[in-house]
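**Q** For reference, the structure I am asking about is given below.
The values are calculated or read from the model by the stated rules, or taken from the named source; none is laboratory data. Keep in mind it's a predicted model, so treat the numbers as computed, not measured. When we count neighbours, we look across all protein chains shown, and the Cβ atoms used for this are built from the backbone with ideal geometry, even at glycine.
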Amino acid sequence: MLFPIEQIKSDFLTALYTPKDANIVVLTAPPGAGKSTVLPLWLLDEAFAQNPRYSDSSNVQKIYLLQPRRVAAKNIACYLAKQLGEPVGQTIGYRLRSESKVSKQTRLEVITEGILTQLLQQDPELSQSSLILFDEFHERSIQADLAFALARDCQLGLREDLTLVLMSATLANDFIRTKLPDAQFIESEGRSYPVEVSYQPVKGQDFWRDHATRVICQQALKHQGSTLVFLPGVADIKAIAEKVEAQLDNGGYGTTTNSCYVVAPLYGELSLSEQQRAISPVSTEGTHKIVLATNVAETSLTIEGISLVIDAGFEKVAIYDNQTLTNQLQQKPISKASAVQRAGRAGRLGPGQCIRLYSEDDFNRRQEQAVSDIQQTDLLPVLIEAARWGVKALTDLPMIELPNQVKETLAWQELQQLSIVDEKNKLTQHGVQLAKLSCHPRYAHMIVAAKNIEKEAEQEYGETHLVNLACLLAALLEERDIFNRQQGQSNSDMGLRADYLIEQMTSGKKLHGKQANI
């Protein structure tokens, strides 16, 4: 079966073989074109591997394919390996923060953006690779912006042979052209069937979760394929899953009680195995799958059999809060680009339908593109990596987009207050210690400070377990938004863990040896 992206194979490979001065290729390919599942296999062909740009006398250079999410990285690596008739970890592997499957034979590594940053920090010349593919670059996460800036800086200063490819379904090419005027731009057609879009906004005093439940129950089982429902956050997914199951089990909203269905949640905090369950085909024929997802299902992931998309039109966005000094999850309307992307998920295998739970006028008023992460999230993790790279300001890096200057200045001042950088924004010895820890600079500072205090305290008081406590607190705080607990109640594992930790502290019990139970 030919994919639309095959039509630009010659142009794409020519761009890689004979790059222009910038050594950057920008590929725009709509969903279904095959940019993530077909294009990487071209790069494993013998002819490409033997090209002198991408191999040397001793070995073939490794190719890195970046994905914005763990489950997408693992899923794509497994799919590509299957196309070669191999288990993952041989020619094609993946590397995540929590696990990896690679070997000496691995030529294509599917990795997350943070992994590339660490690879560059450890080896600024990136000596094992000559080609990096940034998939779904339109999402513009702060980690993707940083990884690209470091790779571009490496390319400009140390590795003129390093080629960078930016791939996306909805990349704002006008914006990218102004930032990368010397890049080569290639466009591919997509393979998308027509999707009928309709609008069913909430009416009157109806609570939107009840409205969403009604639409899901009334529409989902009418379709031959499965249903993908985009919801703002985890709490919405859990609440609506419970409501949908109750209605379908009891024949609510005109459904029959003998309907065969499965409700599968899909969001970033789930384990990889739980996320895999949501994107895999149902094992029982005739069973209708209803996937309730956050925006993680917008791109990268291919969920089998989707013919109906129901879109609530909102998402949770991490926005920096000056009072709590953390990113807070706030509910925001999605952009037009995201709405189009979501609707397109219904047209991957055949004609589909998208029901938006908001009005057409509302859609027309929405902004074209979402605000990039770097304009609204915490800058400290990026700045400590910048200092580790050896620069004194983000203006010293070839960033695609710079944050507000006042915001960056305040963030540098905060790093100075924590003694992570000096007055010249250079990493201190304390900062070097913190940079080695895989957590937020503030939490890393807490852990290192606890270690230093513990040494002194143990001489006078004996075991204090301050480092254990600091690590537990860091783990809790890294788990997104722990401040959003309505009326003292929480149905999340995060909240339960916080309650357990408080109980242990107030009861005077020692924390040593308890980590496995937290």
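**Q** From the residues in the stretch 126-145 that are acidic (Asp, Glu) and at pLDDT below 90, which one is nearest to ILE384 (Cα to Cα)? Lay out the reasoning, then the answer.
**A** So in the stretch 126-145, the residues acidic (Asp, Glu) come out as 135-136, 139, 145.
Narrowing further to those that are at pLDDT below 90: 136, 139.
Working: GLU136: 25, GLU139: 22 Å.
Result: GLU139.
**Q** Could you pull out the residue among LEU394, LEU383, LEU357, LEU379 that is over 30 Å from ARG442 (Cα atoms), in contact with a helix residue (DSSP H, G or I) (Cβ under 9 Å, 6 or more places away or on another chain) and at pLDDT 90 or above?
**A** Going through LEU394, LEU383, LEU357, LEU379 in turn, just one is over 30 Å from ARG442 (Cα atoms), in contact with a helix residue (DSSP H, G or I) (Cβ under 9 Å, 6 or more places away or on another chain) and at pLDDT 90 or above: LEU357.
**Q** Counting only residues that are under 27 Å from LYS222 (Cα atoms) and small (Gly, Ala, Ser), which one in the stretch 301-331 is surrounded by the most Cβ atoms within 10 Å (Cβ to Cβ)?
**A** Top of the filtered list is ALA312.
**Q** Okay, next question. So, of the residues in the stretch 89-125 that are closer than 16 Å to ARG69 by Cα and part of a loop (DSSP other than H, G, I, E, B), which turns out to be modelled with the highest pLDDT?
**A** LEU96
**Q** Let me ask something additional. Tell me, which residue of the stretch 64-113 that is touching a residue at least 24 places away in the same chain (Cβ under 8 Å), over 17 Å from SER141 (Cα atoms) and of a type in the set (Ser, Thr, Tyr) is surrounded by the fewest Cβ atoms within 10 Å (Cβ to Cβ)?
**A** Ranking the candidates gives SER98 first.
**Q** Right, something else. Could you say which residue among VAL317, VAL282 is in contact with a Lys or Arg (Cβ under 6 Å, 6 or more places away or on another chain), within 21 Å of SER168 (Cα to Cα) and among the β-branched types (Val, Ile, Thr)?
**A** Unique residue meeting the criteria: VAL317.
**Q** Next question. Can you tell me which residue among ALA239, ALA212, ALA246 is part of a helix (DSSP H, G or I) and surrounded by fewer than 14 Cβ atoms within 10 Å (Cβ to Cβ)?
**A** ALA246
**Q** Does the stretch 344-378 hold any residues that are without any contact (Cβ under 8 Å) to a residue 12 or more places away in the chain and among the basic types (Lys, Arg), and which are they?
**A** Matches in the stretch 344-378: ARG365 only.
**Q** Take residues that are charged (D, E, K, R) and out of contact with any helix residue (DSSP H, G or I) (no Cβ under 6 Å at 6 or more places or on another chain) and tell me which of the strands (runs of 3 or more DSSP E) falling wholly in the stretch 274-343 contain 1 or more.
**A** Values: elements: 288-293, 306-311, 314-321, 326-333.
Fully inside the stretch 274-343 and qualifying: 288-293, 314-321, 326-333.
**Q** Let me ask you something else. Across the stretch 429-445, what is the number of residues that are in a helix (DSSP H, G or I) and closer than 13 Å to LEU380 by Cβ?
**A** Here the count works out to 8.
**Q** Would you mind finding the one in THR170, THR178 that is over 29 Å from CYS439 (Cβ atoms), in contact with a strand residue (DSSP E or B) (Cβ under 9 Å, 6 or more places away or on another chain) and among the polar types (S, T, N, Q)?
**A** Checking each option against the conditions leaves just THR170.
**Q** Additional query: Scan the stretch 149-174 residue by residue and report those that are surrounded by fewer than 18 Cβ atoms within 10 Å (Cβ to Cβ) and touching a residue at least 60 places away in the same chain (Cβ under 8 Å).
**A** LEU156, GLU160, ASP161, ALA172, ASN173
**Q** Is it true that ILE384 is outside any loop (DSSP other than H, G, I, E, B), β-branched (Val, Ile, Thr), under 20 Å from PHE148 (Cα atoms) and in contact (Cβ under 8 Å) with a residue 40 or more places away in the chain? Reasoning before the result, please.
**A** Numbers: outside any loop (DSSP other than H, G, I, E, B): yes; β-branched (Val, Ile, Thr): yes; under 20 Å from PHE148 (Cα atoms): yes; in contact (Cβ under 8 Å) with a residue 40 or more places away in the chain: yes.
Yes: the conditions hold for ILE384.
**Q** Moving on. I'd like to know if the stretch 378-390 contains one or more residues that are more than 30 Å from SER198 (Cβ to Cβ), of a type outside the set (Ser, Thr, Tyr) and either over 25 Å from the mean Cα position of the chain (by Cα) or exposed (fewer than 14 other Cβ atoms within 10 Å of the Cβ) (or both). Write out each step before concluding.
**A** Residues of the stretch 378-390 more than 30 Å from SER198 (Cβ to Cβ): 378-390.
Within this subset, residues satisfying the condition of being of a type outside the set (Ser, Thr, Tyr) are 378-390.
Cutting the leftovers down to either over 25 Å from the mean Cα position of the chain (by Cα) or exposed (fewer than 14 other Cβ atoms within 10 Å of the Cβ) (or both) gives us 390.
For the stretch 378-390, residues more than 30 Å from SER198 (Cβ to Cβ), of a type outside the set (Ser, Thr, Tyr) and either over 25 Å from the mean Cα position of the chain (by Cα) or exposed (fewer than 14 other Cβ atoms within 10 Å of the Cβ) (or both): present.
**Q** Go through the stretch 146-163 and give me each residue that's modelled with pLDDT under 95 and within 20 Å of VAL110 (Cβ to Cβ).
**A** LEU162, THR163
**Q** Could I ask something else about it? Given (1) surrounded by 15 or more Cβ atoms within 10 Å (Cβ to Cβ); (2) closer than 27 Å to GLN376 by Cβ, identify the lone condition not met by VAL197.
**A** In the conditions (1) surrounded by 15 or more Cβ atoms within 10 Å (Cβ to Cβ); (2) closer than 27 Å to GLN376 by Cβ, VAL197 misses (2) alone.
**Q** Among what's in the stretch 357-377 and is within 23 Å of the chain's Cα centre (by Cα) and part of a helix (DSSP H, G or I), pick the residue that is nearest to TYR199 (Cα to Cα).
**A** Among those that are within 23 Å of the chain's Cα centre (by Cα) and part of a helix (DSSP H, G or I), it is ASP373.
**Q** Any residue in the stretch 54-76 that is hydroxyl-bearing (Ser, Thr, Tyr) and modelled with pLDDT of 90 or more?
**A** Scanning the stretch 54-76, I find at least one residue that is hydroxyl-bearing (Ser, Thr, Tyr) and modelled with pLDDT of 90 or more, so the answer is yes.
**Q** Same structure again: So the check is Cβ under 7 Å with 6+ separation or different chains; which pairs have a first residue in the stretch 332-343 that's crowded, with 19+ Cβ neighbours inside 10 Å and a second one that's among the hydroxyl-bearing types (Ser, Thr, Tyr)?
**A** Between residues of the stretch 332-343 that are crowded, with 19+ Cβ neighbours inside 10 Å and residues that are among the hydroxyl-bearing types (Ser, Thr, Tyr), the close pairs are ALA337/THR170; GLN341/THR170; GLN341/THR299.
**Q** With respect to VAL317, is the statement that it is aliphatic (A, V, I, L, M), under 16 Å from the mean Cα position of the chain (by Cα) and under 30 Å from THR409 (Cβ atoms) true?
**A** Values: aliphatic (A, V, I, L, M): yes; under 16 Å from the mean Cα position of the chain (by Cα): yes; under 30 Å from THR409 (Cβ atoms): yes.
So VAL317 passes the test.
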